[in-house]
1. Pick from S80, S288, S248 the residue whose mean-square fluctuation is largest in a GNM of the chain, springs joining Cα atoms under 10 Å.
2. Would you work out what percent of the accessible area of the chain, with all protein chains in place, is carbon or sulfur (probe 1.4 Å)?
3. Hey, can you find the accessible area per residue of the range 49-144 for me, probe 1.4 Å, expressed in square angstrom?
4. How fast does the range 1-150 diffuse by Stokes-Einstein, in µm²/s, taking the Kirkwood radius from C-alpha pairs at 20 °C and 1.002 mPa s?
5. How much solvent-accessible surface does Y126 expose, in Å² to the nearest 10, with a 1.4 Å probe and all protein chains in place?
6. Per 0.36 nm of contour for each residue apart, how much would the distance between K246 and A289 grow if the chain were fully extended, relative to their Cα-Cα spacing?
7. Can you pull the percent of Cα pairs in the range 250-340 with separation above 21 Å?
8. Taking θ = phi - 60°, what integer Hz values does the Karplus form 6.51 cos²θ - 1.76 cosθ + 1.60 yield along the range 247-259, in sequence order, with x for Gly and Pro?
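The values are calculated or read from the model by the stated rules, or taken from the named source; none is laboratory data. What you see is a predicted model; the values in this text were computed from it and never measured. Methodologically, a virtual Cβ is constructed for each residue, glycine included, from the backbone with ideal geometry; neighbour enumeration extends over all protein chains shown. The protein model used for the area step is the full one, side chains on, heavy atoms only, and it has no ligands, DNA or RNA in it. Shrake-Rupley method; radii C 1.70, N 1.55, O 1.52, S 1.80 Å.
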Amino acid sequence: MIDLRSDTVTKPTPEMRRAMAEAEVGDDVYGEDPTVNRLEQRAAEIFGKEAALFVPTGTMGNTIGIKVHTRHGQEVICESRAHILNYELAMMAWFAGCVARPIAGENGLLHWDQIRKEIRPVSPHYAPTGLIEIENTHNVAGGSVYPPERIEEICDGAHSMGLKVHMDGARVFNAATACEKPVNELCAKVDTVNFCLSKGLGAPVGSMLVGTRDAIDRGRLYRKRLGGGMRQAGVLAAAGLIAIDKMSRRLHEDHANARLLAEGIAGLPGIRVNLPNVRTNIVIFDVSATGRASAELSAAFKERGLRINGLSPTLMRMVTHHDVNSDACRQALEVIRSVLVR
Ligand code: TLP
């Protein structure tokens with residue numbers, strides 16, 4: 001099977017497995033797991049932030065990121081297709097007591113001017129704005145990437161109004177690769193960043209929340225409340241260290257493979273793909289003109305050894321990652337062609 005459903009499907013590399021087997025561990029709830037401590041220090045250092053917190057999932061990283069900056073009854077401004085709004089079981093409402101104020105952005109990316117107009121003061125009618133959230137890369141907008149100066153502008157604007165900015169940077173290393181800038185530069189002004197070890201970086205489990213010492217210290221208590229105090233988690237953190245230091249350097253390969261796929265499908269009958277927007281490891285394409293629903297196409301691909309999921313009846317998503325090389329992507333294109341060209 002060639003699995004292009006997500007970069008979450010990557011399996012730990014042999015080097016990760018060795019590191020996991022040999023990891024020094026302790027009870028992380030007591031702060032005594034040396035490998036988790038090393039991972040948290042390394043993540044903080046790479047992002048140029050004061051501290052970091054190892055969490056089991058990106059959903060938990062975002063949930064805690066939102067919670068540390070907000071109070072119940074506030075609004076969180078985000079893009080209308082944001083993961084926090086559409087794919088996280090309303091965690092911002094369930095845990096932080098906040099509602100989303102969604103704004104549609106071109107290619108999933110917001111401008112400060114759009115955000116500024118939606119900021120609400122305390123009033124007898126409105127829920128006041130508590131936080132601005134941006135997603136980089138933006139998943140369902142096709143892995144789109146924020147221009148670094150736009151992030152700065154959003155942060156400067158938010159801070160001037162006393163608001164914080166949280167970045168869902170599940171794939172921020174892909175963004176950094178596309179912009180050819182280190183993550184500490186991209187995120188310099190962002191208050192908290194959630195990034196995932198278990199997506200393109202290939203670790204089996206885990207995400208990191210980075211930010212100020214105060215935000216992370218408070219976040220650590222929320223992690224415990226959410227059931228994320230993981231004890232001898234060094235076996236997982238060991239893979240995470242390899243993920244951030246080694247796997248982050250090969251993401252350009254995934255981007256080239258995504259390009260190969262996007263260009264390969266662009267000429268096929270009934271397929272529409274926004275080629276200039278394919279800059280990272282995600283390719284979203286519209287199948288409406290094929291006259292077939294994405295579920296039907298998924299099933300036909302699967303029968304021929306290729307896994308691709310639909311995002312909706314008309315949109316499908318392919319995600320490249322460490323476990324599919326360029327030959328596998330060429331094979332995937334052959335399968336897609338054989339299904340569509342009849
Ligand atoms: N994304 C998954 C699915 O949930 C859609 C995927 O296959 O892409 N932020 C972003 C931008 C994400 O894409 C995801 C996962 C998360 C947060 C949540 O991470 P996990 O799955 O670790 O909770």
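1. Of S80, S288, S248, the Gaussian network model singles out S288 as fluctuating most.
2. 50
3. 40
4. Details: Rh = 18.0 Å.
D, rounded to a whole number, is 119 µm²/s.
5. Near enough 120 Å² of accessible area.
6. Extra length available between K246 and A289 comes to 11.4 nm.
7. Details: 856 of 4095 pairs.
Within the range 250-340, distances greater than 21 Å cover 21 percent of Cα pairs.
8. Rounded to whole hertz, the list is 5, 5, 8, 10, 5, 4, 5, 5, 5, 5, 5, 5, 4.
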